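First comes the structure, then the notes that go with it.
No value in this document is a laboratory result; all are computed from the given coordinates. Just so it is clear, the structure is predicted and the values come from calculations on it, not from any experiment. Heads up, the Cβs are rebuilt from the backbone with ideal geometry, glycines too, and the neighbour counts pull from every protein chain shown.
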Amino acid sequence: MNLVVQGEDVATPDLKELARLSRGAAIERIAEEAFRITEADSSTRAQVAEHAARAKLDFGFVEEGRALRDFGLLAMDMDSTLISIECIDEIADFAGRKAEVAAVTAAAMRGEIDWPESLRRRVKALAGLDAAALARVYEDRLRFNKGAQKLLAAAKRNGVKTLLVSGGFTYFTDRVRDKLGFDYAYSNNLDIEGAKLTGTVSGPLVDAAGKAAHLVRIRGELGLTRERVIAVGDGANDLPMMAEAGTSIAYHAKPVVKEAAAYALDYSGLDGLLNLFPASPA
């Protein structure tokens, strides 16, 4: 196994200590702030995790030779994973109800509130808002998290299909799909009548079960085994989807998600995934 260590600032003393703790053979630089410790002992995970947490570093034990091209599908959540905002919270800001809606969003992401019920409550708070607010959020507030474009480009270059599944809204997922070149995108349809939001959604609900179902269906259509799928998410409603992937990655995620995931990226960008599973060069 290799032990991949990465973060905003990987200090040499911490790197040497992690090599000692993991009983590794050599330290190799793989990116500006990412290193590979070869021949690491994965049974030392608890000790490595403890030191990495103190040093504010991400780590992952990865099988020698594992690469991005070994996978066939990359599934990703959108809000607070691919992008830096929760779109529904920003829409609610234009209705003067951001704090109220954001509190419900946060509780749902921690798994404290039934997700479909939380969505209905939050969408209802948008009733009567001018639909032009959606464009304002997309144009003025939606930003991709660090490394997003690099990750998607690498996936395309390495023959990995990409799936965007969101508990948010098609207005945003359709545009993000086209901007970054996702192969598939699924989300909820926010109802609009007379240029106003109605406070409802229509069509099949893309909730936690819906996200998992889309992954399973696409996985089957592509003829992939579970082991050839990566899923990336940050909230409790991503857990069923992540459970259907052979490799799950918690990105700047809630504790309940980090506990369940194979890997956690707390300090790295989305391109930290490429340090775990290197991509073929352009």
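Quick rundown of the values:
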read-out: For a label point 7 Å along the Cα-to-beta-carbon line of Lys124, residues of the range 178-214 with backbone N under 13 Å; value: 199-201
read-out: Lys, Arg +1 and Asp, Glu -1 on Cβ, resulting dipole of the range 1-65 about Cα centre, debye, nearest 20; value: 220
read-out: Estimated dipole of the chain in Debye, rounded to 20 [Cβ of Lys and Arg +1, of Asp and Glu -1, Cα centre]; value: 340
read-out: Within the chain, helix-based [θ] at 222 nm, where runs of 4 or more DSSP H residues each add -39,500 (n - 2.57), nearest 500; value: -11000 deg cm²/dmol
read-out: Ile192/Glu64 FRET efficiency (R0 45 Å; Cβ-Cβ; nearest 0.05); value: 0.30
read-out: Top positive-direction residue, dipole computed over the chain with Cβ charges, set Leu163, Leu276, Gly210; value: Leu163
read-out: Separation of alpha-carbon centers, the range 240-282 and the range 1-47, rounded to whole Å; value: 17
read-out: Distance in nm between pseudo-label sites at Arg20 and Ala243 (7 Å out along the Cβ direction from Cα); value: 4.1
read-out: Stretchable slack from Ala135 to Asp41, in nm (0.36 nm times residue separation minus alpha-carbon distance); value: 28.8 nm
read-out: Gain upon complete extension [Arg175, Ala209; 0.36 nm per residue less C-alpha separation]; value: 9.9 nm
read-out: Quotient of Cα Rg and 2.2 N^0.38 Å for the chain, N being how many residues it contains; value: 1.04
read-out: Most fluctuating residue given options Ala31, Ala236, Ala245, as computed from a GNM of the chain linking Cα atoms under 10 Å; value: Ala31
read-out: Peptide ranges 87-99, 56-68, 136-148 listed from the most packed, as the mean C-beta count within 10 angstrom indicates; value: 87-99, 56-68, 136-148
read-out: Violating pairs (Cα-Cα greater than 32 angstrom) within the set Lys124/Lys161; Lys16/Lys156; Lys146/Lys211; Lys98/Lys156; Lys150/Lys196; Lys150/Lys211; value: Lys124/Lys161; Lys16/Lys156; Lys98/Lys156; Lys150/Lys196
read-out: Antiparallel content of DSSP bridges confined to the chain, in %, to 5; value: 50
